[in-house]
Amino acid sequence: MAFAAHPEFTPPSDENAIIWRYMDLSKFLSVLDKSALFFIRLDRLSEMDPFEGYYTNANLLTDRLRFEDLPEEWKTKGGIKDAETWEILRSSQQQMRQFVKINRAVTFVNSWYCQQHESAAMWSQYLRSGEGIAIQSSYRRLVESLQNYTEYNVQIGLVKYLNYERQAIPSGNLLSPFIYKRKSFEHEREIRALIWTPEHGKNDLSDPSKNKYRDELGIYVPIDLNILVERVYLSPTSQPWYLELLSSLMKKYNLDGKEIILSDLAKTPIY
């Protein structure tokens, strides 16, 4: 099974926690046609968030401290006995940051919104037109839908949000920066599925030209649609014909047993 637990990836407290994937019709058609989820290359997300996959400003500030400036608590906790030990540790942290930066090009993610109810903000953010859908699933369903995928391990966990000026990302694990984002993105309530392709020597990091995904925007990961999809929601502005079209598509791909629901946001107030 592809899903693999990881210490940096925190699952929801309830394995049946509801998750949502908002998309326009063309992307939904791709999911149906390929029976796969698209995992985008992490460094390509910098167009939306330039801090994606990087350490925080607080991490950088720590590196600028002299041994004499370190709080006594840090020295005791980190076993930093003298300036030489601190220089070795600081150099190691700098090397780790550079290694993480390189790994952004060989790491791929697929993101979901984790919340009990649908989100008006997510409809607005992910739909270019008034027509679109949201797949409603759950954490458990997402994990189980990947059961036949064996090419890479898939880690899944809740994104953690920090103040990048005041809070540092733990530097002990290569994947740590890939599961953190700035506080300004906290409304996304993201749960992230992640693939790191160099695992077990499957992708070469020694030279950028040897990265077999260097020219790829992302990779498609096969999933079991019947397990993944619990319901499909129509966007609040969908026209009647859109429901007919979606029903036909769902039937064609053997998902006609799945419920199609018009977004609650389309309801009118009662006086």
- Complete set of residues in the stretch 239-271 that are among the small types (Gly, Ala, Ser) and modelled with pLDDT of 85 or more: SER247, SER248, GLY257, SER263
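Being closer than 30 Å to ASN226 by Cβ and in contact with a helix residue (DSSP H, G or I) (Cβ under 7 Å, 6 or more places away or on another chain) narrows it down to one residue among GLU165, GLU144, GLU199; which is it?
Values: GLU165 fails: closer than 30 Å to ASN226 by Cβ; GLU199 fails: in contact with a helix residue (DSSP H, G or I) (Cβ under 7 Å, 6 or more places away or on another chain).
When all the criteria are applied, what remains is GLU144.
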- Task: Go through (1) closer than 24 Å to SER263 by Cβ; (2) outside any helix (DSSP H, G or I); (3) out of contact with any strand residue (DSSP E or B) (no Cβ under 9 Å at 6 or more places or on another chain); (4) not aromatic (Phe, Trp, Tyr) and name the single condition PRO50 misses.
- Result: (1)
- Task: Report, by residue number, each residue of the stretch 53-84 that is on the phi > 0 side of the Ramachandran plot and either in a helix (DSSP H, G or I) or surrounded by 13 or more Cβ atoms within 10 Å (Cβ to Cβ) (or both).
- Result: GLY53
- Does any residue of the stretch 86-95 turn out to be of a type in the set (D, E, K, R) and either more than 27 Å from LEU217 (Cβ to Cβ) or in a strand (DSSP E or B) (or both)? yes
- Contacts under 8 angstrom Cβ, first residue in the stretch 71-84 being over 16 Å from ALA168 (Cα atoms) and without any contact (Cβ under 8 Å) to a residue 60 or more places away in the chain, partner assigned to a loop (DSSP other than H, G, I, E, B) and of a type in the set (A, V, I, L, M), 6 or more apart: ILE80/LEU70
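Residue check: is GLU118 surrounded by fewer than 13 Cβ atoms within 10 Å (Cβ to Cβ) and not hydrophobic (A, V, I, L, M, F, W, C)?
no
The values are calculated or read from the model by the stated rules, or taken from the named source; none is laboratory data. Since this is a predicted model, take the numbers as computed values, not measurements. Using ideal geometry, Cβ is built from the backbone for each residue, glycine included, and neighbour counts are taken over all protein chains shown.
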